[in-house]
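What follows is calculated from the coordinates using simple rules that are stated; it is not laboratory data. Keep in mind that this is a model prediction, so the values were computed, not measured.
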Amino acid sequence: MSVQTEKRTPPLNTTTSRVPAGTLYRGREGMWSWVLHRITGVAIFFFLLVHILDTALVRVSPEAYNAVIGTYQTPIMGLGEVALVGAIVFHAFNGLRIVLIDFWSKGTRYQKVMFYVVIALWVITMLGFTPRHLINVFSH
């Protein structure tokens, strides 16, 4: 006589969590990378828009251009430049990560590790840039 074991699917309530892990979207590294890439991209776009508009002032009125440039030479704008460089550096490193995910056969397997590599490279780059830049900003 043979004994057969019946394999049954466990009830749904025992296999799913009722409390989301992380955020409401259950986001992990991939989601945060996506969100930060979009935010930095939009911020860089608006910087470029303002940069083009204020540079165009030189053709309209050199005095107005000099006045606008004078307002940029403040400590608050120096901090803004740090934020801009931070956005550009993250966007660039994360863009390389996205290229690797898309074109490297093992990219999706290592996307989580690559996110932490992007963060580490960003921190190293910003640690090298920020003190030197702020010394220049606050010494003038």
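A few comments on the model shown:
- Integer Hz, Karplus 6.51/-1.76/1.60 couplings in order for region 97-107, x for Gly and Pro: 4, 5, 4, 4, 4, 6, 10, 9, 4, 9, x
- ³J(HN,Hα) computed for each position of region 49-59 - Karplus, 6.51 cos²θ - 1.76 cosθ + 1.60, integer Hz, glycine/proline x: 4, 5, 4, 5, 5, 6, 5, 5, 4, 4, 7
- Computed 3J(HN,Hα) for region 61-69, one whole-Hz value per residue from the Karplus formula 6.51 cos²θ - 1.76 cosθ + 1.60 where θ = phi - 60°, is 8, x, 5, 5, 4, 4, 5, 5, 4, glycine and proline marked x.
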